[in-house]
1. Take ASP407 and tell me if it is closer than 30 Å to TYR494 by Cβ, surrounded by 20 or more Cβ atoms within 10 Å (Cβ to Cβ) and touching a residue at least 12 places away in the same chain (Cβ under 8 Å).
2. Which of the residues spanning segment 626-666 are in contact with a Pro (Cβ under 7 Å, 6 or more places away or on another chain) and of a type in the set (Ser, Thr, Tyr)?
3. Looking only at residues in segment 195-213 that are among the aliphatic types (A, V, I, L, M) and modelled with pLDDT of 90 or more, which one is farthest from PRO271 (Cα to Cα)?
4. Going through segment 480-516 one residue at a time, which ones are of a type in the set (Asp, Glu) and surrounded by fewer than 16 Cβ atoms within 10 Å (Cβ to Cβ)?
5. Give me the residue from segment 207-233 that is part of a loop (DSSP other than H, G, I, E, B) and surrounded by 13 or more Cβ atoms within 10 Å (Cβ to Cβ) and, out of that set, farthest from the chain's Cα centre (by Cα).
6. If you check GLY615, GLY684, GLY624, GLY630, which single one turns out to be on the phi > 0 side of the Ramachandran plot and crowded, with 17+ Cβ neighbours inside 10 Å?
7. Inspect segment 1030-1039 for any residue being within 30 Å of TYR931 (Cβ to Cβ) and either of a type outside the set (Val, Ile, Thr) or in a loop (DSSP other than H, G, I, E, B) (or both) and give the result as yes or no.
Amino acid sequence: MIKNLTTKTLLIILLLSAINALAMPVNGLLLNRKTNNVLNKTTSPTKIKSASYNHLGGLNLSKVRAISNTYSNIQISPNPLRAGNNITVSMTITGHSAVTTNTVDVYISSDQILTKVAADGDFYLGQLTLPNVADGGQVNFSQQLATAVGTYVKNGTTWYVVLSDPSGATPPIFNPVTIGAAPVITTTPQCFGLSSRVLIKWPAAKNATSYDILRDNIHIASASAAAVSYLDSTVVANSTYTYEVKPIGGSGFSGLAVQTANAASCTVPLPVKPVLTVTPFCVNTMAHSVYKSYIQIAFTVENPTTTYSIFVNGVSRGHISGITKPVNTYNEEVITPGTFYNIIVKAENSSGYIYSSTDTVTAITCGSGNPGPVMLTATPQCSGIASQVLLNWNAPANVVNYDIYKDGALYKANYVGNQLIDNSNIADTTSYSYYVVAKGGDFGTATNSNTVQVKTSYCSVGGPPGPFKLVASGGCNGSELFSSLLWTDGGRPYAASYDIYRQGVLIKANYVLGLAYQDKTVLPNTLYSYYIVAKNSVGSVTSNTVQFTTPTCAPVPPVVQNISPLINKTGDVVTISGNGFTNTSTVSFGGVAAASVTYVSQDTLKATVGAGASGNTTVTTAVGTSSLPGFLYDTGIQLGITAQAICNHQTSQVQLTWTAASDATSYDIFRDTTLIATQTPARGVTFIDSNTRIITGRTYVYQVRANTPVGLKISPPQSVVAVECIKPFLRLVTGFCDVNPVRSNVMVYWQHKNNATAYRIYRDSVLLTTITDTSEIYTDHSAEADSTYTYYISEETPFGIMTSDLKTITASDCGINRPDITKVSSLYLAKGDTVTITGTKFTGVTSVTFGGVNAKSFTVVSPTTITAIVDSAAPAGSVVVTSRFGAASINYTQFGLPQTIIMKPEATVVYGTDPNRYNPAISTAALPIRYSASSNSIVNIFTTYFSVQAAGRVIITATQPGNTTYLPAQPVTQILTVMPAQLTIIANDQTRAYNTANLPLTASYKGFYRIEDSLSINNTFPVLSTTATATSLPGTYPIVASGAVIPNYTVTYVAGTLTITPPPAPVITSFTPQNAIAG
């Protein structure tokens, strides 16, 4: 590349370029600097390898002196290059004369032949605009191309970024770039139920800000920078798709990111969504009224092939499969009373999964009793211009949560707290009813509050009322005169009330009964003026004023429309409603004149009953007569009556009994003044009201009327409080098994009521027992293991008999039906053997394993016999037989061949004796032995051998763990005695002259092990001594060694000899005098 050329080389190339430019026409020619050939522009383009070419790309030779510019330090980044990168080109431009702005086309090419055709591997990336450079100037130029490199680049090869003169006057410059390795992008067809999906995965691209996912060249999604996968769930089964992932920003992928996938055909539907029921309850632990809090989780089961997982507060309670019952129950026992728990069940099969709805429940605090009474109040409120209702109630003891009912329907379930604001779909000036159910207690019982009615306020104000128009006129209702006022609704903001003015005087304040009013206090043929003021909490507005003259109303015949009450005796006052009445009207009842008549208005009279008779009520005026049938005359003779609340199972009823009237033609039975039945005397004087809708604590009033030829004989009102006929609470629990003998049982729980006299427990409609005391539990010991039963209880009370719901449960197996293995055909089994397994309760066995690996095949020959073939992959281990009732294994019958360790029970070695690498045991299977020792101070263990490091006594244990063919061997021990080695200490002989001091006494050692010597071990040196002294006479004296203590050695001593030599004989060398005389 150009950056490798020296400045001198560049100048030479530039000079040659200038000579060529002057020597021949340059316009329309392509100059090959490498071959010095002049090529016609119209000939096929030829690429020049950039490594040997002066980089003059981008220079248009058709311009004067263009060759005076040079381009150096051309760099392409990034390099290596990846799909999705934007290329940046930078260079240094040096100019020797002013030139016009040049442009350079940029391509990426798979080779060094630029045809500018994509099919040849040449792809256009964009254009560079080069700056003007003055003579002698220099510019460092850099520009990024807007178009990114596509995924057409081939990974693992060298491509070229090409700078090309658009005019073709100068040859292109080829800049090699490396394309890195391709990413691993995968597409995996998947099924989720019957829906086909494709999972796309890709490696993370460095510094990418996001990813675009394309399917068949169409953008279908964007993924975040952290994503490395995308699930396409919009595919069609059996269709083929091409996916591409494009990183946005960053360094891009290192190659092709395209993959195809054929969407799967999905035929297995998702599991059916489980229906979840969660119930908190307390279980008597049979420790004398000691209760434990549980949560029972019940869910519907689709089929045995579906796997179910229970999650409690997000924590799995394991996986359950092979369930054959339509409903499965699970008791969550590890709970804290008073704590909220979120329960959900996941159903899963081969095609995916589905969750049940989440159920939230609060664990009961056991031993707390039932919830106390609840008193509810409701208050209408305004929140701005929106109506709402504030509910408040007391917080009684023993409450876990509340269900809140609105207009008879459940509004809030499992609510916690004793105040609620209802602002959901609340309309102005509308009535709503509420009641609250308090839930809790040992058995999850409930208490209903009172029911309250509330009418909401008018809250939609926002400003004073809008303008409105009044219309008024006079009118007649028969002979009655009135003024009729009608006005329009001013619209929002609405008026809350109206003040009505006549002749400028307020005659009706705060009128709220609509947009019409009748003024009946007017006079005939009189001029009146009216106006109305509309008001709300913000302000008011006044209507127009209307004037008119009232008419004169002619009299009309009377019309009787209603009388009240219908039943009356002499002296009772009857209100007669209708119109056309005058102050001269006369009244009769059953043809007997009223004792007195009071005129109230033209549409109301009050008359006092005289002697009376049943029949018509008749009113007569000067212009006519009107009668109304239905008046009933009370003779004053009373019937005796009793009313008793009773229960017929869960139906609340009232039983009436009354005294007979001998002349009665029929009896009418009334409840709360409403006729509910008519009974002939032939049916007696007893009646059961079975249609009572029970509301806790509600009082009903009954009357019986005997119809006779002379009138009515009526009982006094008889009130009775209807009882709440709650069906008995029933809960079944199994899993607590009898021990001696082992058998299953079902525990039946109920809650005793104070007024109950007996409880009858039924199983499969057959009476099991009758309980007459205050017990709340019965244990059915006759329930057979793994058998399904249906129970109910019948509760006898003074009000009647009440029956619980039917409850079905499968008695626990208690291990009774768990398989048991008594024998296999061989103590030791080999791979591929056909094994006969003998035992009991093999019916329904689902698997047989050898060493944890499923048998190649097995056959349940009978409830006591199984034949199975050992799989070749089975390792050593136990034989296990499994059914839905549990698993059985036979520990003394194992898969594998036996082996035995052979080692002498006792052995003796001498410390320091070679070889010091001991392996005294062997396996009959020729497998390596492993050793351990009771003391590491005597021997040094190297797993498969040991060495002796001190004298003493130690227990060596040899083991062999076995392998896929052989079972572990029984460990064998050996008592190893390491005897001390024999060491001899020899006192070294010494020699000295007479009358001189003893020399230092020394000793020699014989018998040390290898590298040990007297200085290398921890020892007590021997004491050397002799009897000779400095003045001892010449001769030999013993040197004695003693007192040495040397670990791991037994010491013996050899005495040495100290030799004292005599002094030398005297030698006369001279004497004087030489001649001597005796004496």
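The values are calculated or read from the model by the stated rules, or taken from the named source; none is laboratory data. This one's a predicted model, so the numbers in the text were calculated from it and none came from an experiment. In this analysis, Cβ positions are derived from the backbone assuming ideal geometry, glycine residues included, and neighbour counts consider all displayed protein chains.
1. Against the criterion (closer than 30 Å to TYR494 by Cβ, surrounded by 20 or more Cβ atoms within 10 Å (Cβ to Cβ) and touching a residue at least 12 places away in the same chain (Cβ under 8 Å)), ASP407 does not qualify.
2. Correct list: SER626 only.
3. Taking segment 195-213 and keeping what is among the aliphatic types (A, V, I, L, M), we get 198-200, 204-205, 208, 213.
Still in the running and modelled with pLDDT of 90 or more: 198-200, 213.
Details: VAL198: 21, LEU199: 22, ILE200: 25, ILE213: 31 Å.
Ranking the candidates gives ILE213 first.
4. Within segment 480-516, ASP489 is the sole residue that qualifies.
5. Filtering first and then ranking leaves ALA208.
6. On the way: GLY684 fails: crowded, with 17+ Cβ neighbours inside 10 Å; GLY624 fails: crowded, with 17+ Cβ neighbours inside 10 Å; GLY630 fails: crowded, with 17+ Cβ neighbours inside 10 Å.
So the residue among GLY615, GLY684, GLY624, GLY630 that is on the phi > 0 side of the Ramachandran plot and crowded, with 17+ Cβ neighbours inside 10 Å is GLY615.
7. no
To keep it simple, each residue is scored yes or no on (1) modelled with pLDDT of 85 or more; (2) within 18 Å of the chain's Cα centre (by Cα).
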{"position": "PHE299", "(1), (2)": "yes, yes"}
{"position": "SER309", "(1), (2)": "yes, yes"}
{"position": "ARG317", "(1), (2)": "no, yes"}
{"position": "GLU333", "(1), (2)": "no, no"}
{"position": "THR336", "(1), (2)": "no, no"}
